[in-house]
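**Student:** Please see the structure below; I have some questions.
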Amino acid sequence: MTQWQAAASAAARNLGRNSIFCGLTALLPLIAGPVTVGYRGFAPTLGWLLMLVFCGIVLALAVHLLFDALLFRLASSHETEAAGLAAVGDLLFRMQLRKPDRTQPGLEKRIAGSRRIVWQQRLALAIYLLIFAILQLNASAGQPPG
């Protein structure tokens, strides 16, 4: 396995792990929220809608990152970096997700783009968990324990 193939495989593995971890983390508050508060006033309507919006963002970015991981796996299955990236570009063109480019972005540029998406996903997840924590504190305020 060449250096670029190892980099593409490592990027695919890391993106897959990150997307699954963040996706599952985003689903847990939706499951645990009503249970932990006992279904009594879990969240004001605006808070609930904000949670759903940010959960949707995190899950959409998780799907996008899983797709990127598959593209990196496709690229690493070819003998040369140019052939692998050309296959990715061709697939994106056939799926009508990207217009054909004369110059394909390099592997490092594609990995950097995926890393930006990872950080966007982490920011959305952090905001989502912060909203959940605020709603939990709000729901538990003024209620007797138990």
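The values are calculated or read from the model by the stated rules, or taken from the named source; none is laboratory data. These figures come from a predicted structure and were not determined experimentally. Every residue, glycine as well, gets a Cβ built from its backbone with ideal geometry; the counts of neighbours run over all protein chains shown. Note: accessible area is taken over every heavy atom of the protein model, side chains too, but ligands, DNA and RNA are not part of it. Shrake-Rupley method; radii C 1.70, N 1.55, O 1.52, S 1.80 Å.
**Student:** Could you count how many residues in segment 60-99 are open to solvent by 90 Å² or more (accessible area, probe 1.4 Å), more than 16 Å from ALA10 (Cβ to Cβ) and touching a residue at least 40 places away in the same chain (Cβ under 8 Å)? Write out each step before concluding.
**Tutor:** Restricting attention to segment 60-99, the residues satisfying the condition of being open to solvent by 90 Å² or more (accessible area, probe 1.4 Å) are 63, 70, 73, 79, 93-99.
After this cut, where a residue has to be more than 16 Å from ALA10 (Cβ to Cβ) as well, the list is 63, 79, 93-99.
Remaining after also requiring touching a residue at least 40 places away in the same chain (Cβ under 8 Å): 63.
Adding up the residues that qualify gives 1.
**Student:** Also, quick follow-up: In the set LEU130, LEU137, which member is at pLDDT below 85, within 17 Å of LEU30 (Cα to Cα) and open to solvent by 100 Å² or more (accessible area, probe 1.4 Å)? Show your work before the answer.
**Tutor:** On the way: LEU130 fails: at pLDDT below 85.
LEU137 is the lone residue from the list that is at pLDDT below 85, within 17 Å of LEU30 (Cα to Cα) and open to solvent by 100 Å² or more (accessible area, probe 1.4 Å).
**Student:** Suppose we filter segment 100-122 for residues that are at pLDDT 85 or above and exposed (fewer than 14 other Cβ atoms within 10 Å of the Cβ); how many remain? Working first, answer last.
**Tutor:** Going residue by residue through segment 100-122, those that are at pLDDT 85 or above are 106-122.
Cutting the leftovers down to exposed (fewer than 14 other Cβ atoms within 10 Å of the Cβ) gives us 106, 108-109, 112-113, 116, 119.
So the answer is 7.
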